[in-house]
Amino acid sequence: MSLVILGIETSCDETAAAVYDGNRLLSSVIASQSDHVDYGGIVPELASRAHERVIHDTVAAAIRQADVTSDRIDAIAVTEGPGLMGSLLVGLCFAKGLAIQWNKPVIGVNHIDAHIYATFIDEEPELPFVSLVVSGGHTQIFHVARPLQHELMGQTRDDAAGEAFDKIGKLLGLDYPAGPEIDRRAKSGDPAFYDFPRAMMKKGLDFSFSGLKTSVLYYLQKIPEKEREAFLEKHRDHLCASVASAITDVLVNKLQQAVRQTGVKSVIIAGGVSANSMLRDKARKMAEKSGVKLHIPHPRYCTDNAAMIAVTGWFKADQGLFDDLHLKPYARFNW
Ligand code: KG4
Ligand code: ZN
């Protein structure tokens with residue numbers, strides 16, 4: 001009988017729990033925090049307190065929806081990092097508590113690995129593959145030859161792609177997190193409205209997005225202050241489309257370079273930004289042109305969730321990679 005894994009995710013501002021049995025996702029519950037909207041970004045202290053408030057009910061709901069008893073659960077997979085230290089600790093302590101109560105092992109899961117393995121919830125990508133992970137905290141390209149063995153090919157030198165969407169969105173007067181709203185508005189805007197810079201296009205597989213943010217800031221500062229709000233009101237959708245176009249051009253260009261360099265036949269795009277429709281369209285065209293199969297998780301598994309933690313935990317359990325109660329969180333991870 002296949003292993004049944006309970007997954008718990010608390011690395012950032014989503015408290016989530018899910019149950020996966022090796023074939024099927026039995027449940028996936030997400031409690032998103034709205035406490036941060038007024039602050040224009042995540043406040044770590046508020047995030048940990050919110051996790052603490054809802055983690056019990058979230059995990060209980062995931063177990064109830066999966067319709068399993070605790071003795072059917074073989075291990076508890078939990079995000080160990082990277083992420084906010086206080087937030088990670090809430091999930092880890094809860095997972096360890098359950099492990100003691102149920103006498104089951106814990107499995108520490110790397111959040112970035114999990115974004116990649118979210119793809120396996122609905123599909124079975126062929127190995128080796130190249131994976132672009134684009135989230136609020138990360139922008140990295142990996143070559144994956146075997147499950148859970150990743151070779152870093154390139155990464156951002158400053159802001160992550162999601163961070164660029166969020167920070168630029170703030171300049172454009174949008175609420176945090178601005179990525180989904182920029183995506184929505186970009187659909188009715190003109191991507192050629194303004195030609196924002198595409199940094200490091202031809203220079204290897206590293207990324208840089210802080211220059212784009214500065215360029216949007218300078219662009220807006222050139223408009224006299226008393227006219228700025230009216231200008232934004234009129235052109236916001238066009239600016240969203242132009243910004244999304246600049247970010248997604250760079251992402252897809254680098255992904256194509258990585259495909260050429262490695263000769264892989266499959267590509268995965270994962271992480272919150274992989275929900276972006278312009279990125280999905282451009283990547284689909286690139287994949288067709290390059291003759292590779294493109295895999296992107298269902299949008300509900302692109303942003304933070306625990307289904308991806310349970311699935312990655314399942315892969316680790318399958319390889320006998322269990323942890324014990326000494327499992328520690330880490331804020332950063334160097335590949
Ligand atoms: O993976 P994720 O949920 O959390 C992290 O691990 O960071 O990613 C969140 C990021 C945010 O920056 C959010 O603005 C961005 O993903 N995002 C999007 C879209 N949906 C989420 N960015 C662009 N277009 C979207 N549709
Ligand atoms: Zn994430």
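Brief remarks on what is shown
- Computed from the C-alpha gyration tensor, the three semi-axes of the ellipsoid equivalent to region 1-89 are 27, 12, 10 Å, from longest to shortest.
- MRE, 222 nm, helices only [DSSP H, n ≥ 4, -39500 (n - 2.57), over the chain, to nearest 500]: -14000 deg cm²/dmol
- Note on the chain: GNM, Cα springs under 10 Å; of 75, 31, 192, the largest mean-square fluctuation is that of 192.
- Distance histogram for region 125-296 (every C-alpha pair counted, 5 angstrom bins, percent rounded to whole numbers): 2, 9, 18, 22, 19, 13, 8, 5, 2, 1, 0, 0
- Within the listed set 223, 268, 141, the residue fluctuating most in the Gaussian network model of the chain (springs between alpha-carbon atoms under 10 angstrom) is 223.
- All distinct Cα pairs of the chain go into the 1/r average, and the inverse of that average, the Kirkwood radius, is 20.4 Å.
- Packing-based exposure ordering (other Cβ within 10 Å, fewest first) of 21, 195: 195, 21
- Leading residue at positive end of dipole, the chain (Cβ point charges), from 75, 303, 142: 142
- Footprinting exposure proxy for 119, 214 (fewest neighbouring C-beta atoms within 10 Å first): 214, 119
- Translational diffusion of region 198-335, µm² s⁻¹ [Kirkwood Rh, Cα pairs; Stokes-Einstein; 10 °C; 1.306 mPa s]: 87
- Mean Kyte hydropathy of 1.0 or more with a Cα span along the axis of at least 20 Å, helices from DSSP in the chain: 85-102
- D_trans [Stokes-Einstein, Kirkwood Rh over alpha-carbon pairs] for region 46-177, 4 °C, 1.567 mPa s, µm² s⁻¹: 75
- Neighbourhood charge, 15 Å Cβ-Cβ cut-off, centred on residue 333 and excluding it, Lys, Arg +1 and Asp, Glu -1: -1
- Once the chain from residue 93 to residue 152 is taken as fully extended at 0.36 nm per residue, the excess over their C-alpha distance is 18.2 nm.
- Between 230, 118, 275, the residue with the greatest mean-square fluctuation in the GNM of the chain (Cα pairs under 10 Å linked by springs) is 230.
No value in this document is a laboratory result; all are computed from the given coordinates. As the structure is a prediction and not an experimental result, all values here were calculated from the model. Cβ coordinates were reconstructed from backbone atoms using ideal geometry, including for glycine residues, and neighbour counts include every protein chain displayed.
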